[in-house]
Amino acid sequence: MRKAVFLDRDGVINRSEVRGGKPYAPTRVEDFELLPGAADAMVALRAGGWLVIVVTNQPDLATGKQSRSGMDAMHQPLRDAGLVDDIKICPHVDADNCACRKPRPGMLLDAAREWDIDLTASIMVGSLFATLFINSPWVFPALLVLSGTISNFSNKRIPTPLQKPKKINW
């Protein structure tokens, strides 16, 4: 089995626009800007034998604020540069109550099946507590990227001491 680093997208790989203390995903290709150090980190992870898989909630697809072709255009440079092995997208809003929307584990389980991933040997990296701690029967390390998107964002879920993330800067 293989090990993977699961990266949230907005605030980890690319800049989020923060309005009213809440982060928002870019909706235009020209606004999709990698954070400093993100590309180097992905290259280093892959060189170290980790699968790099993006797992991202993108409700703007459901609400019509973003098109699938626009999102694919944002992701294509990541694929072309060999920075990621896969990108899993949840296109739903909370009210859809789907299995893939983080913190539910659907995207991770799909990736584990497709890539033969040992989830107990894997890592989750995020910029928000709400999407960092996946509801699952296993506990794996979580890293909180200090990209500035969490400072004013409230969270309903408080991590347990076993789940407390390590804070890192890219």
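Values as computed for the structure displayed
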read-out	value
Tally of residues being open to solvent by less than 40 Å² (accessible area, probe 1.4 Å), touching a helix residue (DSSP H, G or I) at 6+ places or on another chain (Cβ under 9 Å) and not basic (Lys, Arg) across region 94-110	5
Val43 being in contact with a Gly (Cβ under 9 Å, 6 or more places away or on another chain) and under 23 Å from Leu108 (Cβ atoms)	yes
Residue satisfying all of: in region 1-42; polar (S, T, N, Q) and within 13 Å of the chain's Cα centre (by Cα); most open to solvent (accessible area, probe 1.4 Å) among these	Ser16
Members of region 94-145 that are over 16 Å from Ile53 (Cα atoms) and at pLDDT 90 or above	Asp94, Ala95, Asp96, Asn97, Cys98, Ala99
Every residue from region 111-129 that is open to solvent by 30 Å² or more (accessible area, probe 1.4 Å) and farther than 11 Å from Phe6 by Cα	Arg113, Glu114, Trp115, Asp116, Asp118, Thr120, Ala121, Phe129
Neighbours by Cβ (under 7 Å, 6+ apart or cross-chain): first from region 7-25, free of Cβ contacts under 8 Å to residues at least 60 places away in the same chain; second hydroxyl-bearing (Ser, Thr, Tyr) and part of a loop (DSSP other than H, G, I, E, B)	Tyr24/Ser16; Ala25/Ser16
Test: residue in region 43-59 that is among the aromatic types (Phe, Trp, Tyr), more than 14 Å from the chain's Cα centre (by Cα) and open to solvent by 40 Å² or more (accessible area, probe 1.4 Å)	yes
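The values are calculated or read from the model by the stated rules, or taken from the named source; none is laboratory data. Remember, it's a predicted structure, so these values are computed and weren't measured experimentally. Positions of Cβ are backbone-derived with ideal geometry, glycine not excepted, and every protein chain shown enters the neighbour counts. Areas reflect the complete protein model, heavy atoms only, side chains present, ligands, DNA and RNA absent. Shrake-Rupley method; radii C 1.70, N 1.55, O 1.52, S 1.80 Å.
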